[in-house]
Every structure is written in structure tokens, then in C-alpha cells.
């Protein structure tokens, strides 16, 4: 099991349906560029919906829209 985990890259994603202000975007970008041990990514509403469509999971997209994006979409 340990060998299996060692060969995987960890990526931490921060999802925000409200988006990120300029300061947050700058801090997250700096952290993303300076962190080598694991990946960092951050997604706003549009990117979250794009990711959902890439997964090709109707149920996942439905849950996102019903519970997280209902008042935004």
C-alpha cells in the first residue's frame, strides 16, 4: 500500500462558488507556485462547473446545482 501512495501526486483543491478576491488569488497563486511537495489548485464557480462536466457525472452536476450553486446559477 505504501508504494501505491508514494507514486501518487497529492493535489489540494479549494473550491469557492463565490470566487476569490484579488488578494486571495495572489496568495493562492504564490502558494501554488512555491509548493513542491503537493499541488494546490483553486476553482471559482465557472471552473467548478467545468470540472463537473469533465467528470461526466449527471448526478454530481445535479447535486452541485441543487445544493451549492442554486442561488448563483
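All of the numbers you see were taken from the coordinates with simple rules; none came from a lab. All figures in this text were calculated on a predicted structure; none of them were measured in a lab. Positions of Cβ are backbone-derived with ideal geometry, glycine not excepted, and every protein chain shown enters the neighbour counts.
Brief remarks follow.
- Of 13, 23, 50, the one that fluctuates the most in a GNM where the chain has Cα springs shorter than 10 Å: 23
- For the chain, the longest principal axis of the alpha carbon atoms and the long axis of helix 22-34 meet at an angle near 30°.
- Normalised contact order of the chain, rounded percent, pairs of Cα under 8 Å and 6 or more residues apart: 33
- The chain: most fluctuating residue of 25, 46, 58 per GNM, C-alpha cutoff 10 Å: 58
- Helix-only mean residue ellipticity at 222 nm for the chain, each DSSP H run of n ≥ 4 adding -39500 (n - 2.57), per residue, nearest 500: -13500 deg cm²/dmol
- Choice from 55, 28, 43 with maximal GNM fluctuation in the chain (Cα, 10 Å cutoff): 55
- Cα gyration tensor shape for the chain, rounded if a/c is under 1.5, else prolate or oblate: oblate
- The label point for residue 20 and the one for residue 67, both projected 7 Å from the Cα toward the Cβ, are 2.4 nm apart.
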